[in-house]
Amino acid sequence: MFDQIQPFPEVREIHLITGEFDLLAVLELPETEIDPRRNVVEVVVEKIRKLGGIVDTRTIIPIESRMRDAPPSNRPTIRGFVFIQCDVVRAKEIMAKLAELPEVHGVHRLFGKTDMLAELEVEKSFVLPPPQHISNLVETKISKIPGVHDTNTTVPLESKIK
């Protein structure tokens, strides 16, 4: 499935994950003055869903995003995704606190049951393997931010990033 989705120019990243879904694809589309959701829906409906083997999709379009412009690491890294339920009245404050963490690559405010998505990037290590590093980060820092109620963390088994 990786090889079928990766050639689409709109696909920036694709991750093999476990849980409710098998793949997480990150799309990148040019900025438009018109509602960008139409372009995302077009890619999902007209391209991705028409591939053989796709049973279901869920599309998440952020309300607001903060991305870190960090130089690429010289060491191998791995991504993690933390879906966060929080006090929405404290959303800006929580986004700011998350953005201060060096492992947080991006923070996105979302519509729906999950209020935020934090993209993590940690270096691979034998001393503290990435899943444990990410788990430790969620337990000791992210979940301790005032206003964070619940988290759901996914660490991909495999990732391809353009």
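The values are calculated or read from the model by the stated rules, or taken from the named source; none is laboratory data. This is a predicted model, so every value here is computed, not measured. Positions of Cβ are backbone-derived with ideal geometry, glycine not excepted, and every protein chain shown enters the neighbour counts.
Considering every residue within the range 42-53, establish whether at least one is touching a helix residue (DSSP H, G or I) at 6+ places or on another chain (Cβ under 8 Å), within 18 Å of PRO156 (Cα to Cα) and in a helix (DSSP H, G or I).
No, every residue in the range 42-53 fails to be touching a helix residue (DSSP H, G or I) at 6+ places or on another chain (Cβ under 8 Å), within 18 Å of PRO156 (Cα to Cα) and in a helix (DSSP H, G or I).
Taking the criterion of being modelled with pLDDT of 95 or more, surrounded by 14 or more Cβ atoms within 10 Å (Cβ to Cβ) and aliphatic (A, V, I, L, M), would at least one residue in the range 59-79 satisfy it? Steps first, answer last, please.
So in the range 59-79, the residues modelled with pLDDT of 95 or more come out as none.
No, the range 59-79 has no match at all.
When residues of the range 19-39 are filtered for being β-branched (Val, Ile, Thr) and more than 19 Å from ILE161 (Cβ to Cβ), how many remain? Outline the logic, then answer.
First, pick out the residues of the range 19-39 that are β-branched (Val, Ile, Thr): 26, 32, 34.
Subsequent filtering for residues that are more than 19 Å from ILE161 (Cβ to Cβ) retains 32, 34.
Count: 2.
Can you say whether ALA91 is outside any helix (DSSP H, G or I) and crowded, with 16+ Cβ neighbours inside 10 Å, as far as the supplied structure shows?
Details: outside any helix (DSSP H, G or I): no; crowded, with 16+ Cβ neighbours inside 10 Å: yes.
No: the conditions fail for ALA91.
With VAL148, VAL104, VAL127 as the choices, which residue is over 23 Å from PRO7 (Cα atoms), within 15 Å of the chain's Cα centre (by Cα) and of a type in the set (A, V, I, L, M)? Please lay out each step first, then the result.
Details: VAL148 fails: within 15 Å of the chain's Cα centre (by Cα); VAL127 fails: within 15 Å of the chain's Cα centre (by Cα).
The match here is VAL104.
Consider only pairs whose beta carbons are under 6 Å apart and that are at least six residues apart or on different chains; among these, list those whose first residue lies in the range 15-29 and is on the phi < 0 side of the Ramachandran plot and surrounded by fewer than 18 Cβ atoms within 10 Å (Cβ to Cβ) and whose second residue is in a loop (DSSP other than H, G, I, E, B) and hydroxyl-bearing (Ser, Thr, Tyr).
Qualifying pairs under 6 Å: none.
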